[in-house]
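The values are calculated or read from the model by the stated rules, or taken from the named source; none is laboratory data. As the structure is a computational prediction, the values presented were derived from the model and not from experiment. Every residue, glycine among them, receives a Cβ derived from its backbone with ideal geometry; neighbour counts consider all protein chains shown.
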Amino acid sequence: MVFKKVRDRFSKLVGGSSGEEPEYIEIDLGQEAKKAKIIVRPFVLKKFEDINNILTSLREGYTIAVIDIKTLKSKDIIELKRAIAKIKKTADALEGGIAGFGENTIIVTPQFAEIYKPAVERVESLEKKGFE
């Protein structure tokens, strides 16, 4: 009872009557949140040092890298193996995926994306290499 009298007097001082609904502004915080977009970004691996741009993009977390390895493959196969090993190590550390498509393309994905790898192709590949 006492609280109601105090509230009514305070409302009159502020300019409202006790029967009115309090005025407020509704703020939608969902509009302010920036949605991260996934970028599918092509890269050409011409020399070993080109992996720095690839690794930087992968570490940002929203890039799917499509890497053309044809140029480095024709120049220096040892450098290519080093580059792929380093990219694979980074993809593993980021819990991402890596796979080859054809002879000259590699796809590297972040953690939230998965590369489809059919089990049939893996078995056939192992059989060609002499494993059974």
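Side notes on the structure shown:
- Answer residue from segment 57-74, given it is touching a residue at least 24 places away in the same chain (Cβ under 8 Å) and not aliphatic (A, V, I, L, M) and is nearest to A36 (Cα to Cα) among those: Y62
- Positions within segment 94-105 being surrounded by 11 or more Cβ atoms within 10 Å (Cβ to Cβ) and within 17 Å of the chain's Cα centre (by Cα), in sequence order: L94, G96, G97, I98, A99
- Of all residues in segment 1-55 being part of a helix (DSSP H, G or I), surrounded by 10 or more Cβ atoms within 10 Å (Cβ to Cβ) and aromatic (F, W, Y), the one that is modelled with the highest pLDDT: F48
- Strands (runs of 3 or more DSSP E) (entirely within segment 59-118) containing at least 1 residues that are in contact with a Leu (Cβ under 7 Å, 6 or more places away or on another chain) and small (G, A, S): 63-68
- Among the residues of segment 76-93, the ones that are among the hydrophobic types (A, V, I, L, M, F, W, C) and either within 16 Å of F43 (Cβ to Cβ) or surrounded by 18 or more Cβ atoms within 10 Å (Cβ to Cβ) (or both) come to 5 in all.
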